[in-house]
Amino acid sequence: GENVEQHPSTLSVQEGDSAVIKCTYSDSASNYFPWYKQELGKRPQLIIDIRSNVGEKKDQRIAVTLNKTAKHFSLHITETQPEDSAVYFCAAMKTSYDKVIFGPGTSLSVIP
Amino acid sequence: GAGVSQSPRYKVAKRGQDVALRCDPISGHVSLFWYQQALGQGPEFLTYFQNEAQLDKSGLPSDRFFAERPEGSVSTLKIQRTQQEDSAVYLCASSLSGDTIYFGEGSWLTVV
């Protein structure tokens with residue numbers, strides 16, 4: 001089955017700097033890649049997603065890139081703010097109406 | 001409702017006790033998922049329903065775990081004879097479109 005790996009497990013950046021989280025997946029049939037942000041004690045919330053027919057997607061300070069050949073995808077957060085501090089999960093899904101498989105998470109700390 | 005609703009939010013069970021966790025998905029959402037999230041880990045897939053049909057239960061860790069969605073709306077995850085390793089947050093999620101999933105706040109289970 002699908003396996004999603006994520007690096008780094010923890011990341012600490014200064015406020016205003018950029019943060020990059022990288023993920024790899026194993027199943028070449030996967031074609032939907034969402035990213036979730038989870039604050040302590042809260043539910044995971046979708047922040048951005050990308051489908052396999054697109055190489056890059058941007059939403060304000062957040063961008064995601066996808067390399068299907070290498071089975072890599074990455075989350076980029078620019079101009080980080082303290083409220084960006086949370087655990088971020090990447091995920092992969094093969095087809096619509098299928099299960100979503102999550103990576104182990106990256107704990108991001110933004111230092112004021 | 002406005003979002004995925006789960007109850008109870010917090011449950012303390014004595015080892016050996018049976019528990020039932022309820023999920024009320026977003027109205028009209030066809031797909032419903034259960035995930036288990038241990039402390040410091042990513043959500044681990046348990047089972048998936050499309051309407052009332054349980055299409056995938058490959059993630060259920062043992063035959064002590066059982067899920068149902070008899071009318072295609074509310075779902076219940078039942079854990080029989082709870083053990084300490086069952087302590088985790090149980091997240092329910094639902095989806096309308098077949099890919100983007102929306103999580104509930106989770107049911108925090110502690111087995112003592």
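The values are calculated or read from the model by the stated rules, or taken from the named source; none is laboratory data. If you're wondering where the values come from, they're calculated on a predicted model, not measured in any experiment. Positions of Cβ are generated from backbone atoms using ideal geometry, with glycine treated the same way; all protein chains shown enter the neighbour counts. Calculation scope for accessible area: heavy atoms of the full protein, side chains included, ligands and nucleic acids excluded. Shrake-Rupley method; radii C 1.70, N 1.55, O 1.52, S 1.80 Å.
Table for the structure above
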{"item": "1 or more residues more than 9 Å from chain B (Cβ to nearest Cβ): qualifying strands (runs of 3 or more DSSP E) within segment A:24-112", "result": "A:32-38, A:45-51, A:56-59, A:62-67, A:72-77, A:86-93, A:106-111"}
{"item": "Test: B:Phe49 is within 11 Å of chain A (Cβ to nearest Cβ), over 21 Å from A:Glu39 (Cβ atoms) and not in a loop (DSSP other than H, G, I, E, B)", "result": "yes"}
{"item": "Options B:Gly28, B:Gly40, B:Gly72; residue that is in a loop (DSSP other than H, G, I, E, B), at pLDDT below 95, open to solvent by 50 Å² or more (accessible area, probe 1.4 Å) and away from chain A (no Cβ under 11 Å)", "result": "B:Gly28"}
{"item": "Hits in segment B:58-69 (condition: within 12 Å of chain A (Cβ to nearest Cβ) and exposed (fewer than 15 other Cβ atoms within 10 Å of the Cβ))", "result": "B:Ser58"}
{"item": "Lone qualifier among B:Leu109, B:Leu21, B:Leu91 - being within 11 Å of chain A (Cβ to nearest Cβ) and either acidic (Asp, Glu) or not in a loop (DSSP other than H, G, I, E, B) (or both)", "result": "B:Leu91"}
